Amino acid sequence: MVGSQPDPVPRRPAASRATHVDLTDAEILRRGLEAFSELGYEGASVRELAKRLGVNHNFINDRFGSKNNFWRAVVDHAMGAMQSRFSLAFELGSDDYEKLEAVIKAFYSVAANAPQMNRILAAEFVLDSDRLDYIFDKYTTAMLERVEPIAQRLMDAGRMPRISMDILFTALSGPALALTQGGLARRLGRAPSQSDAEWQRITDSLAEVVLRGLLPAEPTA
C-alpha cells in the first residue's frame, strides 16, 4: 500500500503575496513622484516604476493594486504636504484684501517649492481623464470653496473686477504652473539655481503682478 502524502501547503495567489522591500513608504512615494513628474502617467510603465523603485515588477500591483492607485497615493502624499502649508495663509490678514494677498503669495511659494507635483498638475490639467477628475474633486474644489467667498466679497465691494471662477483660477494657477518652466526661464535670463531667498523674491514679484491685476487699488481707510 502506498503511504499517504501530506497535503501541500497552499500558496497564496500572487496578487496577495506581500513583496518585501527595504524602503520606507515616504521613499516609495518620493521615487514615484520623481518618475511620474519626469515621464508622465502614460510614460511611467509599471516595469519602469519598479526599476526606479528598485523592486520586482509585481511590487506596484501587490502593494497598491494598480498603477492608477499608486499614482493616487503619490498625488495624495505630495498634495497633502502642499495643502498643509497653503492652508495657513487663510488665517492671515485682517480683511479680505489682505487675505487674498496672503493666499496668492502662499500659493506661488508652495508651487515653487514643489516642482515635481507642479509638473504633474501641468500635464494633467490639459487632459480630460479620471486623473483630472480625482485632482479636481479632491483638491481644486476644496481650494476654490475657500477662495471664492473672499473674492465674491471683494467684487461686491467694488474692490475687484467681476470675473468668473474659471478666470480667477486661471489667473492664479497659470503663473504657478509656469514656475516649473525652468528651461524657458533660464533662456530668459534666470540663473540655473536659486537660493531660498531668490525663490521668495521671484514668487513675491509674481504675486505682485497678479494682485495688481485683480486688486488694482489699495483698500481705502
message: touching a residue at least 60 places away in the same chain (Cβ under 8 Å) and within 21 Å of the chain's Cα centre (by Cα): which single residue out of 36, 70 fits that description?
response: 36
- prompt: Taking into account only those residues within region 156-168 that are crowded, with 16+ Cβ neighbours inside 10 Å and of a type in the set (A, V, I, L, M, F, W, C), which is nearest to residue 79 (Cα to Cα)?
  reply: 168
- request: May I ask you to verify whether residue 155 is of a type in the set (A, V, I, L, M) and either touching a Lys or Arg at 6+ places or on another chain (Cβ under 6 Å) or in a loop (DSSP other than H, G, I, E, B) (or both)?
  value: yes
query: Does residue 163 satisfy the condition of being in a helix (DSSP H, G or I) and more than 18 Å from the chain's Cα centre (by Cα)?
result: no
message: So the check is Cβ under 8 Å with 6+ separation or different chains; which pairs have a first residue in region 175-204 that's touching a residue at least 24 places away in the same chain (Cβ under 8 Å) and a second one that's among the charged types (D, E, K, R) and part of a helix (DSSP H, G or I)?
response: 180/119; 203/105; 204/105
query: Does region 212-221 contain any residue that is touching a helix residue (DSSP H, G or I) at 6+ places or on another chain (Cβ under 8 Å) and modelled with pLDDT of 85 or more?
result: yes
query: Is it true that residue 145 is open to solvent by 80 Å² or more (accessible area, probe 1.4 Å) and either at pLDDT 85 or above or under 23 Å from residue 42 (Cα atoms) (or both)?
result: yes
- prompt: Got at least one residue in region 46-56 being without any contact (Cβ under 8 Å) to a residue 12 or more places away in the chain, loosely packed, with under 15 Cβ neighbours inside 10 Å and not basic (Lys, Arg)?
  reply: no
- line: residue 176 passes all but one of the listed conditions (1) in a loop (DSSP other than H, G, I, E, B); (2) under 21 Å from residue 140 (Cα atoms); (3) modelled with pLDDT of 80 or more; the exception is number (1)
- prompt: How many of the residues making up region 179-200 are part of a loop (DSSP other than H, G, I, E, B), surrounded by 15 or more Cβ atoms within 10 Å (Cβ to Cβ) and among the aliphatic types (A, V, I, L, M)?
  reply: 1
message: Can you tell me which condition residue 60 does not meet? The list is (1) of a type in the set (A, V, I, L, M, F, W, C); (2) surrounded by fewer than 16 Cβ atoms within 10 Å (Cβ to Cβ); (3) farther than 30 Å from residue 200 by Cβ, and all the others hold.
response: (2)
- prompt: Taking the stated definitions as given, is residue 170 under 24 Å from the mean Cα position of the chain (by Cα), within 18 Å of residue 98 (Cα to Cα) and among the polar types (S, T, N, Q)?
  reply: no
- prompt: Would you call residue 203 in a helix (DSSP H, G or I), among the polar types (S, T, N, Q) and either over 24 Å from residue 97 (Cα atoms) or open to solvent by less than 40 Å² (accessible area, probe 1.4 Å) (or both)?
  reply: yes
- prompt: Any residue in region 71-91 that is of a type in the set (Asp, Glu), open to solvent by 40 Å² or more (accessible area, probe 1.4 Å) and at pLDDT 95 or above?
  reply: yes
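The values are calculated or read from the model by the stated rules, or taken from the named source; none is laboratory data. None of these values were measured; they are calculated from a predicted model. Positions of Cβ are generated from backbone atoms using ideal geometry, with glycine treated the same way; all protein chains shown enter the neighbour counts. Quick note on the areas: whole protein, heavy atoms, side chains included, nothing else; ligands and nucleic acids left out. Shrake-Rupley method; radii C 1.70, N 1.55, O 1.52, S 1.80 Å.
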